[in-house]
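Only one structure is covered here, and it is reproduced in the block below.
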Amino acid sequence: MIYACDSCHFLFSRVSPIDRCPDCGKERIRPATSEETEEFEKRKMDDLWKK
């Protein structure tokens, strides 16, 4: 499942439920919207070594 942090806007995936953002540590996370999920999947496909 893809999650989004409402505090720092970090997008991340987890298999099991989580209660805090792994980036900022705040508890303001929620399941990502379909648009956020698309953005997350698109970022996964980017090759950062070619930029």
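The values are calculated or read from the model by the stated rules, or taken from the named source; none is laboratory data. This is a predicted model, so every value here is computed, not measured. Here the Cβ is made from the backbone with ideal geometry for all residues, glycine too, and neighbour counts use every protein chain on show. Side chains are part of the model used for accessible areas, which takes the heavy atoms of the whole protein and leaves out ligands, DNA and RNA. Shrake-Rupley method; radii C 1.70, N 1.55, O 1.52, S 1.80 Å.
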Excluding ligands, DNA and RNA, what is the solvent-accessible area per residue of the chain at a probe of 1.4 Å, expressed in Å²?
82 Å²
Relative contact order %, the chain, counting alpha carbon pairs below 8 Å whose residues are six or more apart:
34 percent
Rg [Å, one decimal], Dmax [Å, integer] - the chain, C-alpha atoms
11.6, 35
Given only helices, namely DSSP H runs of n ≥ 4 each adding -39500 (n - 2.57), what is the per-residue ellipticity at 222 nm of the chain, to the nearest 500 deg cm²/dmol?
-7500 deg cm²/dmol
With the full set of protein chains in place, find how many percent of the accessible area of the chain is carbon and sulfur; take the probe as 1.4 Å.
52 percent
Which loop GluC sites (Glu not before Pro) in the chain, with loop taken from DSSP, have no more than 14 other Cβ atoms within 10 angstrom of their Cβ?
E27
